[in-house]
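Nothing in this text is a laboratory measurement; each read-out follows from the coordinates by a stated rule. As the structure is a computational prediction, the values presented were derived from the model and not from experiment. Positions of Cβ are generated from backbone atoms using ideal geometry, with glycine treated the same way; all protein chains shown enter the neighbour counts.
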Amino acid sequence: PIEQLRQRCVKIVQEKQQSLCCGGSELTGTGSQKSLLKASASSSDLADLKLTRDDLFDAGLSLDDYSLALYEVLRDNALPNFVPHVEIDQDGGLDSLQHIWTPAKFFWGFFALASVVFNITTLLVLDWQVGASFFWNYAHLCQSQDGLAVGGSVKLFQHLGNAILLQSKPGDVLNLSTSSNSTSSPPHHLVPPPPPTVWENDIFKHIHDPDMRLSILTLASFVATLEVLSLFVLILAALWKLLIFCRGTDKTEYRAFAAVRGFFSDQLPVLATFSAIKLCAMVHPSLIAKDFDRVVQESKWRGTSAKTCLGIYFVVSRIFCGLMAIVAFAVKSLTVCFKLINPSFSITMRWAGVIALLSNCMGCVLLDRVLEDRIFLFMFGGPDAEYQDDERAHRNVYQSRLAREIWNRFWVQEKAPLKTMCAFATLDHFDLQSLLLDHSGQHVNNAGKARTTVVGGGDDNL
């Protein structure tokens, strides 16, 4: 098959080169390639043409031509070997970490950390501004409708909202035109506007109907509160994983390295893209079945009568997540759009909100994590593509051992903390494929990629 494929590819290239020559065009490829092709243009004996596959591609062979030639060669073979180079490294590539490290990981490691800082900052600033608008509008509407004087809880809300809005001055007094002796509520269209200093910073000032504005603000403030609380929970969970790793001993080595891997592979990517919109990933049609299997199979109560309760919990929690994701997407889209057209905010702040919203939407489902899980399922899940208990245990232990090898190689042996951090932060499904496939017996070119030929003998040419 190798010789047939080589001859077929050479013939295709010769035909192309002859058609180019007849049309007055110059031959492509290097001088040696062109001379070989010209010399054999009329020869039926192609055994002496020692051209590699890359040479043929350089000389004019296209991918479609190569695919056609390969199909013709394998057409009569009932069970062709389509994956001759795939050989699983039985130790998971724990001794092949040199194959996954490149200097580019420094850049992507810093980019991952910068994404976390950027997302947390923009999220807190936007939620802070939503809270300010809610406090001020609520206090303003209460006073306008109830005829209250500036005092008590209304005054507290007003001063709190006035202090939160960034461009308000300390000496501003929320002087509403409603009389302190008024006993009736004025119509909505007579509600006096807020002071200009505060009103310019109100994100939702373009909603002129007070009832509609207060309804949107209530939903937005609820989403903002949920985001801030969830963000602090995620930060505490990340710090807890680091604490587990730092306090690890020989008896708790498995949990320690599992924690540090979880910090870089789970916590950081989530913090870099977190918002309430991320709840839609909990109801993603392609992932919800896998999530249900994970919740049930990895629960401590799966073998008890509480298994039914797990199913009920899963359904109720996913309904809640789906509804919250819809509300969050609606109010965050409104908030970012209103902020974008508000000239009182700097152009940097306005476009930072747009970029953050786009990042949150793209990061609802962490594609790298899905692909990484798919590789683990391929390696440990067996032909049924479903984890059994022992297969889950092997996967977990491999992840922990891989984290230990990265730590020992880059931190203990090379004394390179920065390199260690970047190696952890950038470990992805490409690295896993490189580790899990056996590197022995392959010819590697200067680009570091496995190279095959269509001439000669041996497994290298398959």
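Estimate the FRET efficiency between residue 208 and residue 293 by the formula 1/(1 + (r/R0)^6), using the beta-carbon distance for r and 56 Å for R0, to the nearest 0.05. Let's see the in-between values first.
Numbers: r = 50 Å, r/R0 = 0.89.
Calculated transfer efficiency: 0.65.
With r defined as the distance between the Cβ atoms of residue 243 and residue 62 and R0 fixed at 35 Å, what FRET efficiency is calculated, to the nearest 0.05? Show your work: numbers first, answer last.
Values: r = 56 Å, r/R0 = 1.61.
Computed FRET efficiency for residue 243 and residue 62: 0.05.
What does the C-alpha gyration tensor say about the overall shape of segment 328-425? Classify as rounded when a/c is under 1.5, otherwise prolate if a/b is larger than b/c, or oblate.
On the way: a/c = 5.29, a/b = 1.74, b/c = 3.03.
Judged from the Cα gyration tensor, segment 328-425 comes out oblate (a/c at least 1.5, b/c at or above a/b).
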Problem - Rough spin-label spacing in nm, given labels placed 7 Å along Cα→Cβ, for residue 316 and residue 72 - result: 6.7 nm
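Taking a threshold of 25 Å on the Cα-Cα distance, which of the pairs 278/339; 241/300; 105/241; 278/307 fall above it? Please list the in-between numbers first.
Numbers: 278/339 21 Å; 241/300 20 Å; 105/241 23 Å; 278/307 27 Å.
Too far apart for the 25 Å limit: 278/307.
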Fill in the blank from the handout: Here, residue 253 and residue 377, labelled 7 Å along Cα→Cβ, have an inter-label distance in nm of 3.2 nm
Exercise for the section: Tell me which residues come under 5 Å, amide H to amide H, from residue 437 once H is placed; ignore anything under 5 positions away on its chain. Expected result: 89
Completion exercise
Averaged over all viewing directions, the convex hull of the alpha carbons in segment 270-335 casts a projected area in nm² of 5.2 nm²
Practice task
State the extension gain, in nm to one decimal, for the chain segment bounded by residue 408 and residue 347, taking 0.36 nm per residue of separation less the distance between their alpha-carbons.
Solution key: 17.3 nm
Fill in the blank from the handout: A chain fully extended from residue 397 to residue 118 at 0.36 nm per residue, minus the present Cα-Cα distance, gains in nm 97.1 nm
Practice task
Please name which of 388, 309, 299 has its Cα lying farthest along the dipole of segment 273-390 towards the positive end, using unit charges on Cβ (Lys, Arg +1; Asp, Glu -1) and the Cα centre as origin.
Solution key: 309
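Efficiency by 1/(1 + (r/R0)^6): what FRET value for residue 386 and residue 85, r their Cβ-Cβ distance, R0 = 25 Å, to the nearest 0.05? Numbers along the way, then the final one.
Details: r = 27 Å, r/R0 = 1.10.
The pair residue 386/residue 85 has a calculated efficiency of 0.35.
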